[in-house]
Amino acid sequence: MPDIRLLLGNEAVARGAWEAGCRVVASYPGTPSTEITEAAASYPEMDTEWSVNEKVAMEIAAGAAVGGARTLTCMKHVGLNVAADPLFTLAYTGVNAGLTVVVADDPGAHSSQNEQDSRFYARSAHLPMLIPADAEECLTFTKLAFELSERYDTPVMIGVCTRVAHARSLVRTGGRVEHETPEWKRSPAKYVMLPGPARARHVFVEDRERRMREDAGNAEWAYSIEGIGRSVGVICSGTAYQYVKEAMPEASVLKLNLVNPLPERAVAEFAGMVDSLYVVEELEPFIEDTVRALGIRCSGKDRTGRQGELSVNKVREAFADVTGIKPAAIQTAAEPPARPPAMCAGCPHRAVFYTLARRKYTVCGDIGCYTLGMLPPHAAMDTCLCMGASVGMAAGLHKARGDKFASGTVAVIGDSTFMHSGMTALLDASYNSASLTLLILDNRITGMTGHQHNPASGFDIHNKPAPAVDLEAICRALGVTRVRTLDPFDLDELDATLAEETAVRGVSVIIARRPCALLIRKRGPSVTIEGCRKCGACMRLGCPALSKDGGGVVSVDPAQCVGCGLCPRVCPFHAIRGAEAVSV
């Protein structure tokens with residue numbers, strides 16, 4: 001009898017990999033994909049790691065699959081950009097054992113810098129892509145992906161999104177099925193992609209996609225049809241299927257499990273069953289454009305738009321004239337109070353951005369908790385592009401604006417992001433005689449995605465001791481001669497060091513080292529405020545433990561205050577009293 005469990009979509013992917021006999025999992029954390037690898041680490045049969053970035057994770061997965069182990073690698077949509085280089089050629093080489101690549105899109109950009117649609121990667125790389133609609137399908141499609149990978153000699157992509165990855169539903173789980181490791185055979189024509197072999201493998205890729213498209217046209221795993229014979233037909237997949245089933249209950253539905261290559265025969269047959277054909281999908285008209293390219297009339301994107309997430313109510317509203325069902329009135333007892341994101345009380349990044357704001361530097365930012373430094377009251381970040389871009393953009397600003405501008409420009413990057421993709425940019429800046437000051441905010445953890453370990457934290461994914469890299473030594477090895485380390489809560493030293501280093505031509509690095517406030521198990525005593533002069537200096541820290549009343553008098557919330565000792569240092573009237581910063 002199967003065991004019924006309530007699982008996150010991400011947990012179900014990990015469970016499906018385990019049941020499929022997966023032996024290797026390599027990923028880099030990124031919301032909304034992170035929990036897949038965290039859950040995978042709980043299964044001892046799978047060798048699981050946090051890789052230094054998505055490209056390395058993809059290459060480890062490739063090597064393991066070529067070596068004969070069923071392998072899983074997971075990342076968010078922008079992480080797939082980093083992994084695209086090996087992925088596109090891996091589509092040519094194929095595999096020796098099943099390789100599943102899970103990519104988690106983020107419609108609505110809940111925790112991302114864009115809303116890119118990863119289905120286009122599958123099309124461009126000529127890779128099959130499955131789209132689950134709930135946690136149950138996350139498990140079954142993951143097992144299916146390994147089977148298809150070995151059947152067609154290809155990596156197989158699974159596309160999830162925030163609403164599937166982070167939603168729970170009942171899942172029927174089973175046992176693990178081990179798979180015999182295939183024999184390793186040298187095959188340079190298959191695995192060594194020089195121009196000659198690559199041209200031959202491209203022919204194989206095109207033929208493989210043709211075979212899969214033909215097979216999928218009659219395959220139960222590729223699609224399902226519900227409500228045959230109704231006048232209105234809808235093609236959809238993933239979360240859009242859930243919305244359509246509730247918002248358009250009288251419509252015939254072609255649910256696509258495989259979105260690339262599209263099961264063309266099934267699409268054509270379904271189109272012939274209905275009078276009006278619509279496509280409902282989030283973000284880009286990926287399916288709609290493909291259906292139209294087959295010469296089949298359809299519409300949908302003109303109603304639902306290309307931005308943000310869909311919902312049941314949005315689909316109802318978009319098709320009210322078709323279904324006659326009006327959108328439901330959404331009633332709430334009261335509007336929830338606005339709660340903009342903020343750095344935690346005691347966050348070591350707060351002191352850095354407080355100082356940068358006071359100095360009015362041009363700040364090239366990066367991806368991490370510290371990106372919140374662009375919000376009030378600091379408003380101390382001018383650019384944020386992608387992982388590791390802070391260094392390169394600061395170097396580019398120097399090229400465009402010259403030394404005088406560079407003296408007021410700093411790059412800010414976290415420890416995990418620096419190791420992910422900042423090291424090569426720092427090497428380039430040093431090698432090409434750029435002029436910039438880099439602040440590495442070393443909080444000893446990958447904080448933004450939920451406290452995953454990295455090579456600087458001293459522990460691996462299983463919380464076992466691991467070598468902790470020496471960031472100072474790395475920077476010097478990359479050619480930087482001026483490397484200084486400090487505690488960012490020492491505001492005087494931080495301010496003086498920034499002033500000194502930004503005045504020097506060339507590349508310098510300041511490592512601001514203090515653990516994430518959520519890692520520090522001890523709290524100092526909450527500060528007290530007596531005789532507030534309403535100057536507002538402490539409020540410029542942006543600490544959530546501080547607030548002021550209508551008259552401008554500041555008070556402290558002892559439930560939130562961690563006693564970090566930062567606010568007493570900035571009060572010019574010594575009205576805030578408390579312990580010095582907690583030693584760490």
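The values are calculated or read from the model by the stated rules, or taken from the named source; none is laboratory data. Quick caveat: nothing in here was measured; it's all calculated off a predicted structure. A quick note on method: Cβ atoms are made from the backbone with ideal geometry, for glycine too, and the neighbour counts reach across all protein chains shown.
Given Phe146, Phe141, Phe120, which one is surrounded by fewer than 19 Cβ atoms within 10 Å (Cβ to Cβ), aromatic (Phe, Trp, Tyr) and either closer than 23 Å to Glu19 by Cα or not assigned by TED's automatic domain parsing to the domain that holds Met387 (or both)? Working first, answer last.
Values: Phe146 fails: surrounded by fewer than 19 Cβ atoms within 10 Å (Cβ to Cβ); Phe141 fails: surrounded by fewer than 19 Cβ atoms within 10 Å (Cβ to Cβ).
Unique residue meeting the criteria: Phe120.
Of all residues being in a loop (DSSP other than H, G, I, E, B) and surrounded by fewer than 18 Cβ atoms within 10 Å (Cβ to Cβ) in the stretch 357-387, which is farthest from the chain's Cα centre (by Cα)? Just the residue, please.
Taking the stretch 357-387 as the starting set, the residues that turn out to be in a loop (DSSP other than H, G, I, E, B) are 360-361, 365-368, 375-382, 384-387.
Next, from what is left, pick out any that are surrounded by fewer than 18 Cβ atoms within 10 Å (Cβ to Cβ): 360, 375-377, 379, 382, 385-386.
Numbers: Lys360: 30, Leu375: 21, Pro376: 24, Pro377: 26, Ala379: 24, Asp382: 22, Leu385: 14, Cys386: 11 Å.
Among those residues, the one meeting the criterion is Lys360.
Let's see how each residue does on (1) in a helix (DSSP H, G or I); (2) crowded, with 24+ Cβ neighbours inside 10 Å; (3) in the same structural domain as His462 (by TED's automatic domain parsing):
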| residue | (1), (2), (3) |
| --- | --- |
| Cys22 | no, yes, no |
| Glu38 | yes, no, no |
| Pro44 | no, no, no |
| Glu49 | no, no, no |
| Thr100 | no, yes, no |
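Anything in the stretch 422-457 that is closer than 24 Å to Pro32 by Cβ, among the small types (Gly, Ala, Ser) and crowded, with 24+ Cβ neighbours inside 10 Å? List them, or say none.
The answer is Gly422, Gly447.
Condition test on Thr497, is it surrounded by fewer than 20 Cβ atoms within 10 Å (Cβ to Cβ), in contact with a Lys or Arg (Cβ under 7 Å, 6 or more places away or on another chain) and within 20 Å of Gly414 (Cβ to Cβ)?
Values: surrounded by fewer than 20 Cβ atoms within 10 Å (Cβ to Cβ): no; in contact with a Lys or Arg (Cβ under 7 Å, 6 or more places away or on another chain): yes; within 20 Å of Gly414 (Cβ to Cβ): yes.
Judged against the criteria, Thr497 is not a match.
Test Ile474 against the stated conditions and say whether it is in the same structural domain as Leu356 (by TED's automatic domain parsing), outside any strand (DSSP E or B), over 24 Å from the mean Cα position of the chain (by Cα) and closer than 22 Å to Val82 by Cβ. Spell out how you get there, then give the answer.
Numbers: in the same structural domain as Leu356 (by TED's automatic domain parsing): yes; outside any strand (DSSP E or B): yes; over 24 Å from the mean Cα position of the chain (by Cα): yes; closer than 22 Å to Val82 by Cβ: yes.
Here the answer is yes, as Ile474 does meet what is asked.
Looking only at residues that are buried (at least 19 other Cβ atoms within 10 Å of the Cβ) and assigned to a loop (DSSP other than H, G, I, E, B) in the stretch 294-308, which one is farthest from the chain's Cα centre (by Cα)? Can you show your working first?
Step one: filter the stretch 294-308 for residues buried (at least 19 other Cβ atoms within 10 Å of the Cβ), giving 298, 300-301, 304.
Next cut, assigned to a loop (DSSP other than H, G, I, E, B) only: 298, 300.
Values: Cys298: 33, Gly300: 28 Å.
Selected residue: Cys298.
Which condition from (1) within 25 Å of Tyr243 (Cα to Cα); (2) assigned to a helix (DSSP H, G or I) is the one that Ala109 breaks?
(2)
Pick from the stretch 500-513 the residues that are aliphatic (A, V, I, L, M) and under 20 Å from Leu397 (Cβ atoms): which of them is surrounded by the most Cβ atoms within 10 Å (Cβ to Cβ)? Full working, then the answer.
Taking the stretch 500-513 first, the residues aliphatic (A, V, I, L, M) are 503-504, 507, 509-512.
Adding the requirement that they be under 20 Å from Leu397 (Cβ atoms) leaves 503-504, 507, 509-510.
Numbers: Ala503: 11, Val504: 12, Val507: 31, Val509: 28, Ile510: 25.
Checked the stretch 500-513; the qualifying residue surrounded by the most Cβ atoms within 10 Å (Cβ to Cβ) is Val507.
Check Ser390, Ser416, Ser433 and return the single one that is touching a residue at least 24 places away in the same chain (Cβ under 8 Å), among the polar types (S, T, N, Q) and assigned to a loop (DSSP other than H, G, I, E, B). Break it down stepwise before answering.
On the way: Ser390 fails: assigned to a loop (DSSP other than H, G, I, E, B); Ser416 fails: assigned to a loop (DSSP other than H, G, I, E, B).
The conditions single out Ser433.
Hey, can you tell me all the residues within the stretch 557-576 that are within 12 Å of Cys532 (Cα to Cα) and in contact with a helix residue (DSSP H, G or I) (Cβ under 8 Å, 6 or more places away or on another chain)?
The answer is Cys571, His574, Ile576.
State which residue pairs qualify: first residue within 13 Å of Pro107 (Cα to Cα) and inside the stretch 304-315, second residue surrounded by 14 or more Cβ atoms within 10 Å (Cβ to Cβ) and of a type in the set (Ser, Thr, Tyr) in any location, beta carbons under 7 Å apart, and separation of 6 or more residues or different chains.
Leu310/Tyr243; Leu310/Thr304; Ser311/Tyr243
Residue by residue through the stretch 12-50, note down the ones that are within 25 Å of Arg163 (Cβ to Cβ) and of a type in the set (A, V, I, L, M).
Ala12, Val13, Ala14, Ala17, Ala20, Val25, Ile36, Ala39, Ala40, Ala41
From Glu580, Glu493, Glu530, which residue is modelled with pLDDT of 95 or more and of a type in the set (Asp, Glu)? If you could, list the steps in order and put the result at the bottom.
On the way: Glu580 fails: modelled with pLDDT of 95 or more; Glu530 fails: modelled with pLDDT of 95 or more.
One residue alone meets the criteria, Glu493.
Please verify whether Gly422 is touching a residue at least 12 places away in the same chain (Cβ under 8 Å) and of a type in the set (Gly, Ala, Ser), treating the condition exactly as stated. Full working, then the answer.
Working: touching a residue at least 12 places away in the same chain (Cβ under 8 Å): yes; of a type in the set (Gly, Ala, Ser): yes.
In short, yes.
Among the residues of the stretch 254-274, write down those that are touching a Gly at 6+ places or on another chain (Cβ under 7 Å), part of a loop (DSSP other than H, G, I, E, B) and farther than 27 Å from Val205 by Cα.
The answer is Met273, Val274.
Identify all residues within the stretch 275-285 that are surrounded by 22 or more Cβ atoms within 10 Å (Cβ to Cβ), at pLDDT 95 or above and not in a strand (DSSP E or B); write none if there are none. Spell out the reasoning first.
Kept after step one, since they are surrounded by 22 or more Cβ atoms within 10 Å (Cβ to Cβ), are these residues of the stretch 275-285: 277-283.
When the remaining residues are screened for being at pLDDT 95 or above, the result is 277-282.
Listed by number, the residues that qualify are Val280, Glu281, Glu282.
In the stretch 191-247, which residues are within 30 Å of Arg168 (Cβ to Cβ), within 30 Å of the chain's Cα centre (by Cα) and among the acidic types (Asp, Glu)?
Scanning the stretch 191-247 gives a single hit, Glu246.
Starting from residues that are touching a strand residue (DSSP E or B) at 6+ places or on another chain (Cβ under 8 Å) and in a helix (DSSP H, G or I), keep the ones in the stretch 309-350 and report whichever is modelled with the highest pLDDT.
His349
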